[in-house]
Amino acid sequence: MQTKWWHNKVVYQIYPKSFNDTTGDGIGDIKGIIEKLEYLCFLGIDIIWLSPVYESPMKDNGYDIANYQKIDPSFGTMADMEQLIYEAKKHDISIVMDLVINHTSDQHPWFIKAKKNKRNKYRDYYIWRDEATDIGSVFGGSAWEFDETTDQYYFHLFTKEQPDLNWQNKKMRHDMYDMINWWFDKGIRGFRLDVIDLIGKDIDNNITANGPRLHPLIKEMSNATFQKHDAFTVGETWGASVDEAALYSNPSQQELSMIFQFEHITLNWHPEFNKFKTTPLNRLALKNILYKWQTEIHPNAWNSLFFNNHDLGRVTSRWGNDGIYNEQCAKAFATVLHMMKGTPFVYQGEEIAMTNVKYQHIDDYNDIEIHNRYHEYVIERQVMGQKEFMQQVYLNGRDNARTPMQWDKSINGGFSIGSPWLRPNSNYLFINVDDNLKQKNSVFYHYQKLIQLRKSDNYGNTLTYGSFIPKTTEYDNLFLFERHYEEKRIIVAVNLGEQSVSFNWENSIDEILINTGQIDYFKTVTLNAYDALVFAY
Ligand code: TEU
């Protein structure tokens with residue numbers, strides 16, 4: 001396999017609005033990220049993926065961009081951004097920005113001009129039709145909004161404040177490529193591409209994701225930008241299959257470094273109500289999906305590895321046990337993730353086992369998706385009761401991932417001396433960075449160890465390039481697999497449940513790499529609730 005600079009790197013995702021506020025306005029800022037670079041360096045991460053910090057009306061917390069080349073004042077200035085890039089580089093950390101180019105904000109100058117009249121040169125930067133079709137918005141309701149100024153509908157797969165761009169317009173595309181290269185010239189090392197599988201849409205044939213023109217468009221973009229800068233790129237592609245993953249990430253395609261696929265995330269989602277009507281996690285189904293993506297992906301393609309991000313409930317609350325087993329459970333999920341082949345992503349707070357939050361009232365929530373779906377399912381269509389809906393929000397609502405980062409026991413968990421834009425989780429009193437750094441067997445130091453293993457002389461190549469060999473077991477909750485590279489062999493055994501499991505082991509053990517329980521072994525290895533054991537043999 002052709003080696004890439006990012007192959008053995010670990011990515012940390014920051015949702016700036018909730019990371020660290022240095023001005024006291026209750027909103028995280030770029031200076032707050034600079035202040036925490038030492039912490040991130042100590043954790044051992046190599047790349048920071050920054051959720052959007054561009055100028056935005058914040059209808060979707062920055063995923064509605066009004067100016068791609070201006071920093072939103074709530075996050076700071078362009079000088080702050082340039083300083084972050086500079087300071088991060090001094091810590092050998094690369095900055096990757098979030099590229100939201102399927103749509104802009106309705107406050108973007110392009111859209112403001114496009115709306116003025118039909119003759120405007122920016123009119124065709126967006127998608128206009130005389131009649132609406134029955135395509136729905138991801139956030140509920142129609143994907144069409146009527147504009148009275150010009151008596152036409154415009155298309156928006158997300159909120160009506162996020163009009164979709166027309167990627168068939170060549171001038172728009174090249175304006176975008178100029179912007180992308182402008183950011184590379186500032187020293188960033190890559191991009192996370194928001195819902196990039198939507199830019200090939202063919203809405204007159206009811207095709208939104210994975211359209212016929214998708215890969216030619218990504219190739220054109222990549223050749224005009226990413227390939228020129230040996231960039232790290234990860235595309236968000238919700239519906240991608242393991243075969244389609246190679247179309248994006250096989251280097252011979254010259255498109256992207258990797259994609260975020262969501263088959264493991266949506267495995268217990270309802271076909272119509274998605275995250276708002278889920279079934280309990282089926283661990284065998286999760287195991288089979290993770291193993292499939294490890295063993296069936298094209299040998300030259302590349303996996304991203306994640307359980308958390310800014311759109312998902314936190315994994316210990318969503319799939320595990322965020323009560324008595326919270327820390328053990330966090331370590332177990334992290335061990336499975338980081339011992340697989342691909343690029344691990346750590347979402348802010350995951351490294352200290354932050355959990356979901358339970359606000360009592362719907363008005364305590366900020367997320368446009370939660371509010372839109374509450375209105376649609378509970379109020380308008382009455383297909384769900386209030387209690388049932390709130391239970392699903394407690395599991396999968398996006399605000400669970402957006403509560404302020406919990407730094408210490410001080411007011412607001414040390415996130416802000418002001419009034420935070422989203423109420424902190426009150427458990428910051430016992431789940432916080434400060435306590436984690438003081439406890440040698442904390443979740444933080446477990447993540448630090450996992451990341452160190454990936455960079456170690458002895459096991460770095462095995463974990464980065466080694467083959468993945470699944471082992472069959474009689475237990476759904478026992479994730480047992482091996483990693484082999486040249487003469488190195490590692491076995492990974494994680495109990496992703498509360499019932500004890502065991503497996504026979506007759507071979508010698510060369511070195512215990514991870515042991516989160518007091519695991520005894522003599523011919524039989526027994527793992528109790530959420531124990532994780534990794535050893536070389
Ligand atoms: O998310 C795409 C997306 O579809 C998810 O928001 C998903 O729809 C939802 O969480 C599942 O119900 C990307 C960004 O990650 C998200 O934050 C933005 O809201 C969205 O695109 C629009 O830019």
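The values are calculated or read from the model by the stated rules, or taken from the named source; none is laboratory data. These figures come from a predicted structure and were not determined experimentally. Cβ: placed from backbone, ideal geometry, glycine included. Neighbour counts: every protein chain shown. Accessible surface is based on the protein model in full, side chains and every heavy atom, while ligands, DNA and RNA are left aside. Shrake-Rupley method; radii C 1.70, N 1.55, O 1.52, S 1.80 Å.
Across the range 41-65, what is the total count of residues that are more than 30 Å from Glu369 (Cα to Cα) and either open to solvent by less than 10 Å² (accessible area, probe 1.4 Å) or without any contact (Cβ under 8 Å) to a residue 12 or more places away in the chain (or both)?
Number of matching residues: 2.
So which of Arg398, Arg402 is closer than 17 Å to Ile33 by Cα, within 16 Å of the ligand (Cβ to nearest atom) and under 18 Å from the mean Cα position of the chain (by Cα)?
Arg402
Looking at the range 32-79 only, could you name the residues that are in contact with a strand residue (DSSP E or B) (Cβ under 6 Å, 6 or more places away or on another chain) and more than 23 Å from Asp92 (Cα to Cα)?
Scanning the range 32-79 gives Tyr54, Glu55, Ile65, Ala66, Asn67, Tyr68, Lys70, Asp72.
Taking the range 175-200, which residues are among the basic types (Lys, Arg), under 23 Å from the mean Cα position of the chain (by Cα) and open to solvent by 10 Å² or more (accessible area, probe 1.4 Å)?
Arg189
Could you check Ser502 against (1) open to solvent by less than 20 Å² (accessible area, probe 1.4 Å); (2) within 30 Å of Pro280 (Cβ to Cβ) and say which number it fails?
Failing condition for Ser502: (1).
Within the range 348-371, count every residue that is within 16 Å of the ligand (Cβ to nearest atom) and surrounded by fewer than 17 Cβ atoms within 10 Å (Cβ to Cβ).
1
Among (1) in a helix (DSSP H, G or I); (2) under 30 Å from Leu437 (Cβ atoms); (3) within 16 Å of the ligand (Cβ to nearest atom), which single condition is Trp49 missing?
Here Trp49 meets the rest and fails (1).
I'd like the residue in the range 79-103 that is in a helix (DSSP H, G or I) and open to solvent by less than 40 Å² (accessible area, probe 1.4 Å) and, out of all such residues, is farthest from the ligand (Cβ to nearest atom).
My answer is Glu87.
Hey, among Lys201, Lys118, Lys160, which residue is of a type outside the set (Gly, Ala, Ser) and more than 15 Å from the ligand (Cβ to nearest atom)?
Lys118
State all residues of the range 212-231 that are farther than 17 Å from Met176 by Cβ and in contact with a strand residue (DSSP E or B) (Cβ under 8 Å, 6 or more places away or on another chain); if no residue qualifies, say none.
The answer is Pro212, and nothing else.
Being open to solvent by 10 Å² or more (accessible area, probe 1.4 Å), assigned to a loop (DSSP other than H, G, I, E, B) and more than 16 Å from the ligand (Cβ to nearest atom) is the filter here; which residues of the range 405-424 pass it?
Correct list: Trp407, Asp408, Lys409, Ser410, Ile417, Gly418, Ser419, Pro420, Arg423, Pro424.
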